[in-house]
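Shown next, in structure tokens, is the structure this report addresses.
The values are calculated or read from the model by the stated rules, or taken from the named source; none is laboratory data. If you're wondering where the values come from, they're calculated on a predicted model, not measured in any experiment. Please note: Cβ atoms are built from the backbone with ideal geometry, for glycine as well, and neighbour counts cover all protein chains shown. Ligands, DNA and RNA are excluded from the accessible area calculation, which covers all protein heavy atoms including side chains. Shrake-Rupley method; radii C 1.70, N 1.55, O 1.52, S 1.80 Å.
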Amino acid sequence: MGTTTIDEAKLEAFMGQAVTDMGAAISAPLFGIGEKLGLYKAMAHAGPLTSAEVAERAGAAERYVREWLRNQAAGGYVTYDQATDRYTLPDEHALALADEGSPFYILGAYEMIASVYSDEDKFVEAFRTGDGLGWHEHDHRLFSGVERFFKPGYRRHLVADWLPALTGVQEKLELGATVADVGCGHGASTIVMAEAFPNSRFRGFDYHAESLARAREAAEDAGVADRITFEVATAKDYPGTGYDLVCMFDCLHDMGDPVGAAAHVRQALSPTGTWMIVEPFANDLVEENLNPVGRVFYGASTVICTPASLDQEVGLALGAQAGEARLADVIRQGGFTEVRRATETPFNLVLEARP
């Protein structure tokens, strides 16, 4: 064997990165514990607290809470004052960790990640065989985790930014429009729109009946069930024509036949209708997506999005980082002539397609 020269600085830097990733991986279930036991909420806006005070406020065992707090401090999620042996959850962090109504709330992501760990053996087998893995075949925490991960962004951006960026759509919704939300899952996006536009009527479609049952409950809880229906259907066979707006939120890339789905949207829209496609943000070149956001999305794409597409007919497997150019090509193949980027966030591409 030949002699290999090792760059000690590169090795040391990589090992530092690997240890950081180990810390993140072992901490993932601790975030879920912090949410379920109300530890973050116990600390929110309470100032510096001892481990005993946090435990008492949350109704948990102090010795476990003490170790949990040290993990959180090591990761920078809480701060530690060695002089007083007290821990503080900064107000800014509380927006992301303790306030479920905040647009910055992130803990739903860790429920989604927990589902991925549970399904590891299924992914190994899919890698070996090349077979797909349907959305319905995942651990149940994926469904609720996805809802809770995406809902804060929908509440923050959908009505305030995304819909106004579409040509003439907001005005139609205010007057009274018919809307199809395809791939609606638990209905978070559908409900946000229905709350904002009481004169419009909304139909949510998804092939996963279990998710739609949850969507109906959520619509009742939100007081908008009178203007929403949720129905089991796929992206290529949902009923209705003459829609003023068809929406797809973070799901076109999951579909086996996105071209066929685009063609069905084209048939379902009114002649002056609009298709809004919200997708994970991505640039068109791989090297432009090799960053922390791209890492998250490529990870989710590997074990959720790509397997979902491969489980369906055609199995185009666009992946969660398809990029605007590839998405626009799919949309045009489905019969649309006008496709443009309406707006964006660091996590979302919002495209507008018109016949």
Can you tell me which residue is nearest to the chain's Cα centre (by Cα) among those in the range 90-143 that are polar (S, T, N, Q) and either within 19 Å of Leu30 (Cβ to Cβ) or not in a loop (DSSP other than H, G, I, E, B) (or both)?
Ser115
Checked the range 237-269 for anything under 24 Å from the mean Cα position of the chain (by Cα), more than 25 Å from His157 (Cα to Cα) and open to solvent by 20 Å² or more (accessible area, probe 1.4 Å); matches are Asp257, Val259
Here are some conditions: (1) open to solvent by 30 Å² or more (accessible area, probe 1.4 Å); (2) out of contact with any Leu (no Cβ under 8 Å at 6 or more places or on another chain); (3) among the acidic types (Asp, Glu). Glu231 meets all but one. Which one does it not meet?
(2)
Among the residues of the range 290-302, are any of a type in the set (A, V, I, L, M, F, W, C), touching a residue at least 40 places away in the same chain (Cβ under 8 Å) and either open to solvent by less than 20 Å² (accessible area, probe 1.4 Å) or closer than 17 Å to Asp206 by Cα (or both)?
no
Kindly establish whether Ala73 is touching an Asp or Glu at 6+ places or on another chain (Cβ under 7 Å), part of a helix (DSSP H, G or I) and surrounded by fewer than 18 Cβ atoms within 10 Å (Cβ to Cβ).
no
Please work out which residue is most open to solvent (accessible area, probe 1.4 Å), limiting yourself to the range 198-224 and to residues that are part of a strand (DSSP E or B) and within 26 Å of His138 (Cα to Cα).
Arg203
Just give me the residues in the range 158-197 being of a type in the set (S, T, N, Q), closer than 13 Å to Thr274 by Cα and either touching a Lys or Arg at 6+ places or on another chain (Cβ under 7 Å) or open to solvent by less than 20 Å² (accessible area, probe 1.4 Å) (or both), in sequence order.
Thr178
Residue selected from the range 106-157 under the condition small (Gly, Ala, Ser) and in contact (Cβ under 8 Å) with a residue 60 or more places away in the chain, by the criterion most open to solvent (accessible area, probe 1.4 Å):
Gly130
